Amino acid sequence: MMSALNDPNDDRSDNAAGDEPVDRNYRPSDAEPFMNPQQLAYFRKKLLAWKDDILRESHDTLVTLQNESLREPDVTDRASSETDWSLELRTRDRQRKLIAKIDAALRRIEDGEYGYCEVTGEPISLARLEARPIATMTIEAQERHERNEKISRDE
């Protein structure tokens, strides 16, 4: 079965339930009901694309690591290469953690909890979800959380 995501000539993608396609040019709006099926499909598509990009980059890193030797003849070049690879691997580790957050967001979409603050239960703004689709709190709740974290760290 070929989905619309696999067809480069199709301007649609499957929504969360797989029912109605979502237009590629669609953007969620405050003028429509919050977290309606089209919005959920839009964010699901966005999350899946983000995850695919991360996995593709990780695969490319692994291929490069397997094909390139870190045996530079010059000690300085070797140290530079090792530093570069250390940074690259640290980035991949952060992205591995990000994939777990993306998967959690996808589960919230399936469970009907996506887009609502885990602390207050209030809707998270569409602008925040657009910028950070893995957000679990409203900006206000996130700021409170960070202030409390800072206070407990300072004690």
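The values are calculated or read from the model by the stated rules, or taken from the named source; none is laboratory data. The structure presented is a predicted model; accordingly, all values stated were derived computationally and were not measured. All Cβ positions, glycine included, derive from the backbone under ideal geometry; neighbour counts span all protein chains shown.
Would you point out which residue out of Pro28, Pro73, Pro8, Pro33 is in a loop (DSSP other than H, G, I, E, B), modelled with pLDDT of 80 or more and loosely packed, with under 14 Cβ neighbours inside 10 Å? Going through Pro28, Pro73, Pro8, Pro33 in turn, the sole match is Pro33.
None of Arg96, Arg90 is over 30 Å from Arg24 (Cβ atoms) and under 20 Å from the mean Cα position of the chain (by Cα) except Arg90. When restricted to residues that are surrounded by fewer than 16 Cβ atoms within 10 Å (Cβ to Cβ), within 19 Å of Lys101 (Cβ to Cβ) and not aliphatic (A, V, I, L, M), the stretch 129-142 contains 2. Pairs linking a residue in the stretch 83-106 that is more than 15 Å from Leu62 (Cβ to Cβ) and without any contact (Cβ under 8 Å) to a residue 40 or more places away in the chain to a residue that is among the polar types (S, T, N, Q) and surrounded by 14 or more Cβ atoms within 10 Å (Cβ to Cβ), with Cβ atoms under 9 Å and 6 or more positions apart or on different chains, are Lys101/Thr136; Ala104/Thr136. In a residue-by-residue description of the stretch 85-93, the property of being in a helix (DSSP H, G or I), of a type in the set (Gly, Ala, Ser) and in the same structural domain as Leu47 (by TED's automatic domain parsing) applies to at least one position.
Which one of the conditions (1) in contact (Cβ under 8 Å) with a residue 40 or more places away in the chain; (2) in contact with a Phe, Trp or Tyr (Cβ under 8 Å, 6 or more places away or on another chain); (3) assigned to a helix (DSSP H, G or I) does Pro133 fail to meet, given that it meets all the rest? Of everything listed in (1) in contact (Cβ under 8 Å) with a residue 40 or more places away in the chain; (2) in contact with a Phe, Trp or Tyr (Cβ under 8 Å, 6 or more places away or on another chain); (3) assigned to a helix (DSSP H, G or I), Pro133 misses just condition (3). Does the stretch 100-123 hold any residues that are in contact with a helix residue (DSSP H, G or I) (Cβ under 8 Å, 6 or more places away or on another chain) and surrounded by 15 or more Cβ atoms within 10 Å (Cβ to Cβ), and which are they? Listed by number, the residues that qualify are Ile102, Ala105, Leu106, Ile109, Tyr114, Gly115, Cys117.
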